[in-house]
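Participant: Got a structure for you, questions after.
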Amino acid sequence: MTLPPPRPPDDPRNTPVLLRRTLLGQGHDDRSIARLMADGVLVRVRRGAYASKPAYDVLDAAGRHGLRARAVVQQASTRVVLSHVSGLPEYDAPTWGLDLSDVHVTRPDGRAGRHEAGVHQHCGTIIDGDVVVRNGLEVMSPTRLVLEVTTVGTLESSLVVANHFLHCGATTRQALSTRAALMDKWPHTLRTGLVLRLADDRIESVGETRSFVLLFNHGLPLPVPQYPILDRDGRAIARVDFAWPELGVFLEFDGKVKYEKLLRPGQRASDVVLAEKERERLICRTTGWRCIRITWADLGRPAATAAMIRDELFPTLAVA
């Protein structure tokens, strides 16, 4: 298993969190702290904890959650490990669909946790390999984070996390299965088994995972992810997000990130769109298949999108 590289030291997500007691020890008082906030120098990340406002302002929701999590660790009266959704930002893992309002930590001492003041303390048995040091913090391993997220997230948001860590090689299906066998007494694990059955390391992005869940939720045939398209000589000429070879249909998820990834130096977004359309025509000419394209907006209306896909997969039924 391979963990993603640590963040560079100057990454704004590594911005130091300054506790009130630290600032008081440096000669500040509550009035001068308030003045620093009014001047845009500091921002309060949670009660009694502050950080650089310019650094904070460039962070997304996950990055800001990460700063709150650092504050919670510093303010804790006992050793705690970042867990559940709060461990994800330290691996640059997606937090789509997950509730970031509370910071989640787990106490290694086995004592009962509590839920108060924006902090959810969990208690649970920690075994060798569960804890990793990331960016200077103790964080649960990707394998354990996947399993923990299934206890607090939906099927869709949990599968996004599982597929991400599987695809980047930070965990494996075997590791997940082995660790899951030891969590029979964990609460809220009803969806864990389903997430592990659906998880697939071939699925590369949040949009692709959400597309897959849409198909599953609406009882549509599940496609083959990342299907290679071969020419008559058996050479790979393309790869599509999903395919139903037996039905002669492939599906592509069109997201902004996908087009940004395809953008080459000197190219405009319109150049990429035209190239993608030509790629689609090449695939259709080579295979004789039909193409379905869906976007983020389509994922926001799942019933209508599922009906459209069903009509494309089974056109004779749609006509009838």
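Participant: What FRET efficiency comes out for residue 111 versus residue 21 if R0 is 25 angstrom and r is the Cβ-Cβ distance? Round to the nearest 0.05. Walk me through the numbers before you get to the answer.
Facilitator: Working: r = 24 Å, r/R0 = 0.97.
The calculated FRET efficiency here is 0.55.
Participant: Now a separate question. What is region 87-141 by shape, rounded, prolate or oblate, if you read a ≥ b ≥ c off the alpha carbon gyration tensor as root eigenvalues and call it rounded for a/c under 1.5, prolate for a/b larger than b/c, and oblate otherwise?
Facilitator: oblate
Participant: Then there's this: Going by a ≥ b ≥ c, the root eigenvalues of the Cα gyration tensor, does region 1-122 fall in the rounded group (a/c under 1.5), the prolate group (a/b larger than b/c) or the oblate group?
Facilitator: Details: a/c = 1.95, a/b = 1.31, b/c = 1.48.
Oblate shape, in that a/c is at least 1.5 and b/c is the bigger or equal ratio.
Participant: Considering only DSSP beta bridges with both partners in the chain, what is the antiparallel share in %, to the nearest 5?
Facilitator: On the way: 23 of 35 bridges.
Percentage antiparallel, nearest 5: 65.
Participant: What nm value, rounded to one decimal, do you get for the distance between residue 133 and residue 254 when each label is placed 7 Å out toward the C-beta?
Facilitator: 4.8 nm
Participant: Now for a separate question. For region 14-78, just say rounded, prolate or oblate: build the C-alpha gyration tensor, square-root its eigenvalues into a ≥ b ≥ c, call rounded for a/c under 1.5, and beyond that prolate if a/b exceeds b/c, oblate if not. Intermediate values should be presented prior to the final figure.
Facilitator: Details: a/c = 2.43, a/b = 1.15, b/c = 2.11.
Since a/c reaches 1.5 but b/c is at least a/b, the shape of region 14-78 is classed as oblate.
Participant: Okay, next question. Among 21-32, 82-93, how do they line up by average Cβ neighbours within 10 Å per residue, starting with the highest?
Facilitator: Numbers: 21-32: 11.8, 82-93: 26.0.
Ranked from most to least packed, the peptides come out as 82-93, 21-32.
Participant: How many nm separate the modelled label positions at residue 279 and residue 3, each set 7 Å beyond the Cα in the direction of the Cβ?
Facilitator: 3.3 nm
Participant: Oh, and also: Can you give the helix-only mean residue ellipticity at 222 nm for the chain, where every DSSP H stretch with n ≥ 4 adds -39500 (n - 2.57) and the sum goes over all residues, rounded to the nearest 500 deg cm²/dmol?
Facilitator: For the chain, the value works out to -11500 deg cm²/dmol.
Participant: Okay, next question. Using packing as a proxy for protection, rank 2-13, 163-174 so that the peptide with the highest average count of other Cβ atoms within 10 Å comes first. Each step should come with its number before you reach the end.
Facilitator: Values: 2-13: 12.7, 163-174: 19.6.
So the order, starting with the most tightly packed, is 163-174, 2-13.
Participant: Okay, moving on. Just how many % of Cα pairs in the chain lie over 34 Å apart, if you round to the nearest whole percent? Display every interim value, and only then the final one.
Facilitator: Working: 18349 of 51040 pairs.
That fraction is 36 percent.
None of the figures in this text is laboratory data; all of them are computed from the coordinates on show. What you see is a predicted model; the values in this text were computed from it and never measured. Cβ sites come from the backbone with ideal geometry, for glycine too, and all protein chains shown count toward neighbours.
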